[in-house]
1. When the residues of the range 1-47 are narrowed to those that are among the hydrophobic types (A, V, I, L, M, F, W, C) and in contact with a Leu (Cβ under 8 Å, 6 or more places away or on another chain), which ends up nearest to T64 (Cα to Cα)?
2. Output the residue which, of all residues in the range 1-42 that are touching a Ser or Thr at 6+ places or on another chain (Cβ under 6 Å) and not charged (D, E, K, R), is nearest to Q61 (Cα to Cα).
3. In the range 13-26, which residues are surrounded by 13 or more Cβ atoms within 10 Å (Cβ to Cβ), outside any strand (DSSP E or B) and of a type in the set (D, E, K, R)?
4. Just checking, how many residues over the range 38-49 are surrounded by 12 or more Cβ atoms within 10 Å (Cβ to Cβ) and over 8 Å from the mean Cα position of the chain (by Cα)?
5. Looking at K34, K10, which one is over 9 Å from the mean Cα position of the chain (by Cα), part of a strand (DSSP E or B), in contact (Cβ under 8 Å) with a residue 12 or more places away in the chain and surrounded by 12 or more Cβ atoms within 10 Å (Cβ to Cβ)?
6. Checking the structure you have, find out if any residue of the range 54-62 is open to solvent by 70 Å² or more (accessible area, probe 1.4 Å), free of Cβ contacts under 8 Å to residues at least 40 places away in the same chain and assigned to a loop (DSSP other than H, G, I, E, B).
Amino acid sequence: MNGQVRNDIKPGIEVNIVLKQDQRSGKLTRGVVKDLLTNSPNHPHGIKVRLVDGQVGRVKQILTNHN
């Protein structure tokens, strides 16, 4: 799943994000969501989140399975 829909993303799930400084290279960073920073229901570049380690970026892939 891509990270463009806010309802797909919940604190505690594992995601790949792209950090601001990595947007040109597209390098992904894996982590666990702590906070959702985007308020709109969806965003074309990905929902902005803060990971538990404090890094902030836009979700590119959702790794945790929703069952």
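The values are calculated or read from the model by the stated rules, or taken from the named source; none is laboratory data. Source: prediction; values computed, not measured. All Cβ positions, even for glycine, are placed from backbone atoms using ideal geometry, and neighbour counts span all protein chains on display. Accessible surface areas use protein heavy atoms only, side chains included; no ligands, DNA or RNA. Shrake-Rupley method; radii C 1.70, N 1.55, O 1.52, S 1.80 Å.
1. I13
2. Looking at the filtered set, the residue picked out is I17.
3. D22
4. Of the residues in that region, 4 qualify.
5. Checking each option against the conditions leaves just K34.
6. No, there is no match, as no residue in the range 54-62 is open to solvent by 70 Å² or more (accessible area, probe 1.4 Å), free of Cβ contacts under 8 Å to residues at least 40 places away in the same chain and assigned to a loop (DSSP other than H, G, I, E, B).
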